[in-house]
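Inspection log for the structure reproduced underneath, given as structure tokens.
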Amino acid sequence: EPKVAIAATAAVGVLAIGLATSLWLWRRAEASASETQQINRFLNEDVLAAADPSLEPGEDPAHVSVPALLANAESKLDRDLGLQPAARAQAGLSIARAYFGLGLWHQSYARLTKANADARTRLPADAPLVLQIEQQLGITATYDGRYAEAQRIYADLLPRLRAGPGWTAPETIAARRGYGLLLDERDSFEQAREVYESVQADAAKYAPQQ
């Protein structure tokens, strides 16, 4: 009976799609859990261990500076070949943000470049982690005086943010503000003013915390 056959085929198709989707979601969740475990292990066993004299002989934990701690973490991150690329990228982003907060922009830029390469080996260009890394990379390049590189980053990043999270999403507003800073640093004051005014208006409405 054609109608029965069509209905049965449709039912089987829906079931197959549902199973495939469930399997994909399960694998994605499993991968995410695995990456989270790897990041936690790295932070606890490698980064924090730098201040443990029993694990790092010869170092007085009372005299370990934050930059030294971060440099140690970077060294271990680069040597840990067991980390998945996405986990390595996330850990690298955390280290780079710490460098940036200390005003060590060159070190932050170098780590972000590696983190971006790690993220891109596993994730698409519009993945949230990739966008976070490149947003930080843009403002870090500006602070580090790499204006041409920052211009290239924002020219590529802002359209992806517009198409993804949206033009008034908090992360996009932060990136637009970073672009305004770049214009200001390059003495494009009129363009910078226009960007800042636009960002201010959107932030007041959509992201007041900014």
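The values are calculated or read from the model by the stated rules, or taken from the named source; none is laboratory data. Treat the numbers as computed from the prediction; the structure is a model and nothing was measured. Note that each Cβ is placed from the backbone with ideal geometry, even for glycine, and that neighbours are counted across all protein chains shown. Accessible surface areas use protein heavy atoms only, side chains included; no ligands, DNA or RNA. Shrake-Rupley method; radii C 1.70, N 1.55, O 1.52, S 1.80 Å.
The table that follows gives values for the structure above.
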{"item": "Of all residues making up region 179-203, the number that are closer than 19 Å to Y143 by Cα and aliphatic (A, V, I, L, M)", "result": "5"}
{"item": "Residue tally, condition open to solvent by 50 Å² or more (accessible area, probe 1.4 Å) and either over 17 Å from Q210 (Cβ atoms) or among the polar types (S, T, N, Q) (or both), over region 165-183", "result": "0"}
{"item": "Matching residues, region 76-105, being in contact with a Gly (Cβ under 9 Å, 6 or more places away or on another chain) and open to solvent by 10 Å² or more (accessible area, probe 1.4 Å)", "result": "W105"}
{"item": "Residue list for region 187-199, filter: in a helix (DSSP H, G or I), surrounded by fewer than 18 Cβ atoms within 10 Å (Cβ to Cβ) and not hydroxyl-bearing (S, T, Y)", "result": "F189, E190, Q191, R193, E194, E197"}
{"item": "Members of region 128-144 that are farther than 14 Å from R97 by Cβ and either of a type in the set (F, W, Y) or surrounded by fewer than 17 Cβ atoms within 10 Å (Cβ to Cβ) (or both)", "result": "P128"}
{"item": "Answer residue from region 145-163, given it is open to solvent by less than 50 Å² (accessible area, probe 1.4 Å) and out of contact with any Leu (no Cβ under 9 Å at 6 or more places or on another chain) and is farthest from S108 (Cα to Cα) among those", "result": "L158"}
{"item": "Test result for V47, modelled with pLDDT under 60, among the hydrophobic types (A, V, I, L, M, F, W, C) and buried (at least 16 other Cβ atoms within 10 Å of the Cβ)", "result": "yes"}
